[in-house]
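Heads up, the thing below is written out as structure tokens.
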Amino acid sequence: MSNNNSRFWLLILIVAAVFAGLFALGYVPRSRQAQARDAEARQTADAAPTVTVTPARAAPDTTTLTLPADTRSYRETFVFARANGFVRSWAADIGQRVRAGQVLAEVTTPELDQQIAEARANLGLARSSYARLAGVALPGAISKQELDAARAQYAAQQAGVQQLLAQQAFRRVTAPFSGIVTQRNVEVGSLVSSSNAAGSQLFKLEQTDRLRAFVQVPQNFAPAIKNNLVADYLVPEFPGRTFAGRVVRDAGALDPNTRTLLTEVLIPNGRGELRPGSYAQVRFHLPRTAPGVLIPANALVPGGTDTRVATVREGKIHYQPIVTGRDFGSQLEVGQGLQGGELLVLNPSETLTEGDSVQTKTFQAPPKPAGPPPPKPRPNDPDAPRVSSPVK
């Protein structure tokens, strides 16, 4: 009986030991894992938050400014008739190059011819009258006043004839300077007059070996406009190509309606590739006396009454007020508040407060997505707005 009891208790002990061993094998690892998780949670709760930072960089000392331009010829003028009459012939048509003094048209002047004939007859009469009076030899026969009056009448008739002959010389309409005819508004038999009223011009003449581009420069860029400043002249007909120009003058005062400075840029056009009147853009490379600092747009702290950014100094958060300048979309220019090189917090959380300890992680640009690149904008696009951007 005692042997049976001994075996029974031995079996119970063996079973209990097995269960204890199994319990230990299952509980101990789980307990350790739970303790590790608790320790990690406590470490995470006690650790400083991690923020993504990027350095502020100083803006370049040169900026580009692209503005639309009004292109004109270096010289352009309308040619009018200086005598009344009818067009006998014309010798220059649109697109034709002419030299200074070259005859463009001839005018018949029947009324002027009659006036000249009448003036010459009166001149002959005045000459005869003066000659008769001057030839009187009898002393006291005529007074000195009569002789002076005859002399003056003769001189006046001479001047009148010369004046009419000078007007008759205007029967030949000539080019005032060398250039190209861009308008012809006459035909054989057309009635012309010496008036300069609108619509009475015979030709339009332009000198296109040089062009003048007129640009309205905004007020904030006006101080950088100087004579001989180099500029690029861009036209859509020549994509990707620039023509050299330079600033020759400006208005010296801003337009009070637009707050812009009228600026003239001179462009050589000896090969005749460029045409006046076409749409164009002028790109200035403007030096900056006080370059600012460029920051990402998502570095601004949302909300609040002032503009500020969150920076990291010695592992702690510091809020810095700034004064922004130009907006380039994904970038902003800062005129005051930053010197360049500060670590800026991107997308700063509202929970961050002044003096918080943080860990930093440098921003890495995401890789470009696979597939064809987006289409590039057309160079010298006429529909493109005026653009100002920092030089990369």
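Please treat every number below as a calculation from the coordinates, not as lab data. Computed from a prediction, not measured in an experiment: that's the story for all the values here. Cβ: placed from backbone, ideal geometry, glycine included. Neighbour counts: every protein chain shown.
Here are the numbers for this structure:
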read-out	value
Full-stretch length increase - Thr50, Ser193 - with 0.36 nm per residue and alpha-carbon distance subtracted	42.9 nm
Sorted by Cβ neighbour density within 10 Å, fewest at the top, the residues Ser89, Ser330	Ser330, Ser89
Calculated on alpha-carbon atoms, Rg and Dmax of segment 151-258 in Å	23.5, 75
Whole-angstrom gap from segment 62-131 to segment 242-287, using each part's C-alpha centre	32 Å
